[in-house]
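Working notes, structure below.
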Amino acid sequence: MALADTRYSQRRRTLAARLAGQRIDMMLVTNLIHVQYLSGFTGSNAALMLSKELNPQISTDGRYITQVAEEVPDIEALIARNCAAALLSQVEGPRRVGIEADEISVAQWEALQKVAGEDVTLVPVRGVVEELRLVKDPRELESLREVAELASQAYRDLLAAGELAVGRAERDIAADLEYRMRKAGAEHTSFDTIIASGPNSAKPHHGAGERVLQRGDLVTVDFGAFMGGFNSDMTRTVVMGEADEFSTEIYEVVKRAQTAGVEAATVGTALADVDRATREIIEEAGYGEYYIHSTGHGVGLEVHEGPYASSSGEGELREGMTLTIEPGIYVPGRGGVRIEDTLIITPGSPEVITRVSKDLTVL
């Protein structure tokens with residue numbers, strides 16, 4: 001019999017204690033990322049029932065009988081197609097059962113109400129698992145370092161091979177970068193790779209199309225790899241052939257803003273203040289109207305997760321959190337620049353795990 005990873009049982013104990021503080025007897029976890037975080041199960045259909053008495057039960061369908069036994073040897077498995085309903089139908093009242101309100105539709109809520117016993121009260125719950133996930137444990141952080149280095153090396157190799165070049169199409173460059181990440185061990189990309197050239201670089205989420213790179217283009221490369229359950233996220237912007245005054249100016253402004261954001265990302269700093277550190281520099285340079293998104297987000301089991309550094313961001317940074325710093329300037333019709341690193345928040349200066357030069361690169 002496989003031995004269970006004690007990290008998962010510790011997470012469940014912590015969650016159960018927090019639920020008890022909210023007068024919640026049990027919680028039905030339906031977000032698959034949260035099921036994975038609390039149990040280790042990685043299948044595509046599952047739910048987890050956790051009680052304050054710490055006798056959890058997991059449900060999945062028949063496709064995963066072997067997998068659930070291997071990945072979750074310490075939790076009783078209920079095999080059913082409708083996992084949430086199957087677990088909830090076994091609850092005997094009087095019980096207050098927390099439901100992940102952000103994960104289900106009104107129709108799903110009504111269906112669960114019909115399944116719940118007469119003495120079972122469903123209670124919408126928000127943010128409790130997300131709060132636990134904000135601070136990563138040492139093994140999570142090491143996994144994040146590994147996948148970030150994999151992606152960083154793939155990018156360095158792309159440049160060394162001359163595959164990011166004038167005359168090549170955006171989508172072909174994206175395919176080359178994704179191939180390099182897969183060959184290095186990535187299971188898939190964290191998101192659709194962005195290769196945004198020339199006027200397309202003024203679109204923060206352009207994608208990778210048929211446009212062929214031309215001399216003088218700004219080219220934004222935003223990419224990430226997924227490996228072992230964890231994601232990476234990094235952006236670099238380069239110039240093809242030669243950098244004109246406009247490209248050089250906005251690049252240096254974004255680089256200064258990004259550096260300021262990294263320096264501000266310390267334990268105890270308010271997330272809104274991290275955003276302000278980047279935004280003030282871009283505004284002072286006269287490009288404030290062209291900085292059209294927030295400064296950053298956490299990276300972990302999901303490529304976009306808490307914490308969030310924005311002008312309306314709540315809370316402050318804690319040791320063990322991750323955060324991207326990714327300011328940008330996007331001038332329609334001319335081009336744009338974004339520079340993004342992923343950080344681990346430490347007691348001193350943050351650890352940058354996307355280790356690729358941020359100097360202006362002309363290819």
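The values are calculated or read from the model by the stated rules, or taken from the named source; none is laboratory data. The structure presented is a predicted model; accordingly, all values stated were derived computationally and were not measured. When we count neighbours, we look across all protein chains shown, and the Cβ atoms used for this are built from the backbone with ideal geometry, even at glycine. The accessibility values were calculated without ligands, DNA or RNA, using every heavy atom of the protein model including side chains. Shrake-Rupley method; radii C 1.70, N 1.55, O 1.52, S 1.80 Å.
Take the residue pairs K52/K136; K136/K255; K203/K255 and return only those whose Cα atoms are more than 25 Å apart.
Flagged as over cut-off: K136/K255.
Go through (i) 30, 60, 10; (ii) 29, 57, 14, 0; (iii) 28, 49, 22, 1 and flag the label whose value is the computed P(r) over Cα pairs in 20 Å bins from 0, in percent for this structure.
(iii)
Setting aside same-chain residues fewer than 8 positions from K183, which aspartates and glutamates have a Cα under 15 Å from its Cα?
K183 reaches E146, E149, D157.
Leaving out ligands and nucleic acids, note down the accessible area per residue over the chain with a 1.4 angstrom probe, in whole Å².
Accessible area per residue: 43 Å².
Under the rule that an exposed site lies in a DSSP loop and has at most 11 other Cβ atoms within 10 Å, name the longest stretch of the chain with no GluC sites (Glu not before Pro) of that kind, not counting the sites themselves.
With a cap of 11 other Cβ atoms within 10 Å, the longest stretch comes to 119-209.
Measure nothing fancy, just the Cα-based angle from helix 6-21's long axis to the longest principal axis of the chain, in degrees from 0 to 90, nearest 10.
Approximately 70 degrees, to the nearest ten.
Would you mind calculating the relative contact order of the range 135-362 from Cα pairs under 8 angstrom and at least 6 residues apart, reporting the percent as a whole number?
Computed value for the range 135-362: 23 percent relative contact order.
Under 8 Å for C-alpha pairs, at least 6 residues apart: give me the relative contact order for the range 6-133, rounded to a whole percent.
24 percent
With +1 on the Cβ of every Lys and Arg and -1 on the Cβ of every Asp and Glu, and nothing else charged, how large is the dipole of the chain about its Cα centre, in debye rounded to the nearest 20?
In total the dipole reaches around 520 debye.
Quick one: angle between helix 170-183 and the longest Cα principal axis of the chain, in degrees between 0 and 90, rounded to 10, please.
Tilt of helix 170-183: around 50 degrees.
Could you work out how far helix 138-160 tilts from the main Cα principal axis of the chain, as a 0 to 90 degree angle to the nearest 10?
Value to nearest ten degrees: 30.
May I ask you to give the percent of accessible area on the chain that is carbon plus sulfur, with a probe radius of 1.4 Å?
48 percent
Quick one: 3J(HN,Hα) in Hz for the range 348-363, Karplus 6.51/-1.76/1.60 with θ = phi - 60°, rounded, Gly and Pro as x.
Along the range 348-363, the couplings run x, 5, x, 8, 8, 9, 9, 9, 9, 3, 10, 5, 4, 9, 10, 9 Hz.
In whole Å, how far is the Cα centre of the range 129-150 from that of the range 333-363?
19 Å
Please give the charge dipole size of the range 6-133, origin at the Cα centre, charges +1 on K and R Cβ atoms and -1 on D and E Cβ atoms. Round to the nearest 20 debye.
With Lys and Arg at +1 and Asp and Glu at -1, about 300 debye.
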